[in-house]
1. Could you tell me which residue of region 184-204 is least open to solvent (accessible area, probe 1.4 Å), considering only residues that are in a helix (DSSP H, G or I) and closer than 26 Å to LEU332 by Cα?
2. Residue by residue through region 256-270, note down the ones that are assigned to a loop (DSSP other than H, G, I, E, B) and closer than 30 Å to ALA313 by Cα.
3. Have a look at ASP73, ASP101 and point out the one that is charged (D, E, K, R), under 20 Å from the mean Cα position of the chain (by Cα) and assigned to a helix (DSSP H, G or I).
4. Please give the number of the condition TYR288 fails out of (1) surrounded by fewer than 22 Cβ atoms within 10 Å (Cβ to Cβ); (2) outside any loop (DSSP other than H, G, I, E, B).
5. List the number of the failed condition for GLY57; all other conditions in (1) under 23 Å from ALA316 (Cα atoms); (2) open to solvent by 60 Å² or more (accessible area, probe 1.4 Å); (3) modelled with pLDDT under 95 hold.
6. Restricting region 134-169 to residues that are charged (D, E, K, R), open to solvent by 80 Å² or more (accessible area, probe 1.4 Å) and modelled with pLDDT of 95 or more, which is farthest from THR180 (Cα to Cα)?
7. Name the pairs: first residue in region 364-383 and open to solvent by 40 Å² or more (accessible area, probe 1.4 Å), second residue at pLDDT 95 or above and basic (Lys, Arg), Cβ to Cβ under 9 Å, at least 6 apart or on different chains?
8. Is it the case that region 412-421 has a residue that's open to solvent by less than 10 Å² (accessible area, probe 1.4 Å), assigned to a helix (DSSP H, G or I), without any contact (Cβ under 8 Å) to a residue 24 or more places away in the chain and more than 24 Å from ALA30 (Cβ to Cβ)?
Amino acid sequence: MSDSMSNTAAGDSSGHFPTGRLGADRVTEAAKLDAADPLAHVRERFLLPAGVIYLDGNSLGALPAAVPEALNDAVHRQWGTDLIRSWNANDWWSAPARIGDRIGALIGAAPGRVVCGDSTSVQIFNAVAGALRLRPGRTVVLADPDSFPTDLYLADSIAKLLGAQVRRVPVGEVEQVLRTDGATIAVIAYNHVDYRSGELRDLPGLTAAAHAAGALALWDLCHSAGAFPIDLDAHEVDLAVGCGYKYLSGGPGAPAFVYVAERHIADFAPALTGWHGHANPFGMEPGYTPAAGIERARIGTPPLLSMLALEAALSAYDGVSMADVRAKGLALTDLFIACVGDLGLETLTPIEHARRGSQVAVRHPEPHAVMAALIDRGVIGDVRPPDVLRFGFNPLYVGYADVVESVRVLGDILETGAYRDARYAVRATVT
C-alpha cells in the first residue's frame, strides 16, 4: 500500500472524494468473462433475489436452491412423521461424520478426518485445548493480534483454564518467534484469511515452520473453506476449524466443523467431552471413553435441522472443481480491484494472487454510510472497523457483470455524495 494510494483515497481539503471514471470497456470485459465462465451454470443452484448483487463477506451465504425442499422434508416427514425413528431410519446419527466428509472433500481432507455439528466457537475451544494437550510441557499459544475477536477471546479463556499463555504475534513475525522460542510453543493458531483485508496467509510455510519447532499448526478456515482449495492433508496441517455459513452457504448459524490430522486422532483429547463422542454412547456408562476415530470430536446432540440444511447446501458443489472455483475467485477479485482502481479508491487486499483470498477490502473514511447507501441500491456488502468496505466474492453465484455493476453503483454514490443523506448516518446493529 503506497502513500500515493492512501492520499488518493483520503479526499481533498474540500471533503470531495475523488472517483475518477469507471473504464467504459469494463462492461465488455465482464460480458466476455461471463460468457466463458465454466461455473456460470452453478448460479442456478442458488435462489438469489432479483435486483440484488450479493457481495456479503459476513456470516451468511446466499440460499442454495436445494435447501428449502430439504428442510421441508426434514420438518414434515422426518420430524413430523418418522419422529424419533429418524435417528435410525433417516440416519440422523451419522450426519456429523457424513457431512464432515463432504466438507473434507472441499478442503483436502480424506474421509474420517472432519466432523461437523457444533458452533464455530465450540470447535475453536476444543481445537485449541486439544492442541495444548497434544503438546504437554509446552504452554504457549501463538495468536494473531489482528485475528477475528472470537478466536482471541477463546484462546485467552482456554489459557486461563489450562495454565497456558497466549502470545499475540503478527503473522509476519511468527517464523522468527518459532526459531527463538519454539521449545515453549504448543500451537500456532491463525486465521487462514485475514477477515478485514482478505490477505491469504502462508498456510504451508507457517505449518512447516511450526513443525520445525516441534509445535502444531491450527488454522481457522472460516474465510477460506469452500472458496478455494486448501489441501489440509497434503500440507500436513494438524488441526483446523471452519464455519458452515459463509462460502458453504449452510444458513444462519450453520454448524461448524473441526479437522484433526489422522496422526493425531488417537491422542486428540477435547476439553468438552459429550456423550456423542463416547466410544459406546448408548451404553450410558458413567465414565468417558473416547470414540476411536474422528467421532471423538463430537460432543452433544447437534442441531439437526441446521445440519440437514448444510448438507443440502453442499450439493451446490456437486461436480464443481475447486481449481475452477479458485480461478474464478481470483478473476472476480482482479476485476473488482481494477474497477475500484478506475475510481481512484484504495484497496487493502493484496494484489498478488498467492496472498489473496476471495474478498476485497476498500478503504473509505465513512464506511457505514457508504455501505448503507450501497445496500439501499441492492449491492450488499459489509463493514469492518475502522474504515473498511468489505466485499466477498462467492464464485458459485457471483458473476463478472455483478462486479462491474457494483462498482458503478459505488462510484455513483461517492461522486454524488448520496451516502451523506441523513438516513445513512444511523448505524444498523449488524454491520
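The values are calculated or read from the model by the stated rules, or taken from the named source; none is laboratory data. Here the structure is a predicted model, which is why all the values come from computation and not from measurement. A quick note on method: Cβ atoms are made from the backbone with ideal geometry, for glycine too, and the neighbour counts reach across all protein chains shown. Just the protein is used for accessible areas: all its heavy atoms, side chains included, with ligands, DNA and RNA removed. Shrake-Rupley method; radii C 1.70, N 1.55, O 1.52, S 1.80 Å.
1. LEU203
2. Residues satisfying the conditions are ALA261, PHE268, PRO270.
3. Checking each option against the conditions leaves just ASP101.
4. Condition not satisfied by TYR288: (2).
5. Against the list (1) under 23 Å from ALA316 (Cα atoms); (2) open to solvent by 60 Å² or more (accessible area, probe 1.4 Å); (3) modelled with pLDDT under 95, GLY57 comes up short only on (2).
6. Of region 134-169, the ones charged (D, E, K, R) are 135, 138, 144, 146, 151, 156, 160, 167-168.
Okay, now just the ones that are also open to solvent by 80 Å² or more (accessible area, probe 1.4 Å), so 146, 160, 168.
Applying the additional criterion that residues be modelled with pLDDT of 95 or more yields 160, 168.
Details: LYS160: 24, ARG168: 15 Å.
Going through the qualifying residues, I end up with LYS160.
7. Cβ pairs passing all conditions: GLU366/ARG420; ASP376/ARG423.
8. No, there is no match, as no residue in region 412-421 is open to solvent by less than 10 Å² (accessible area, probe 1.4 Å), assigned to a helix (DSSP H, G or I), without any contact (Cβ under 8 Å) to a residue 24 or more places away in the chain and more than 24 Å from ALA30 (Cβ to Cβ).
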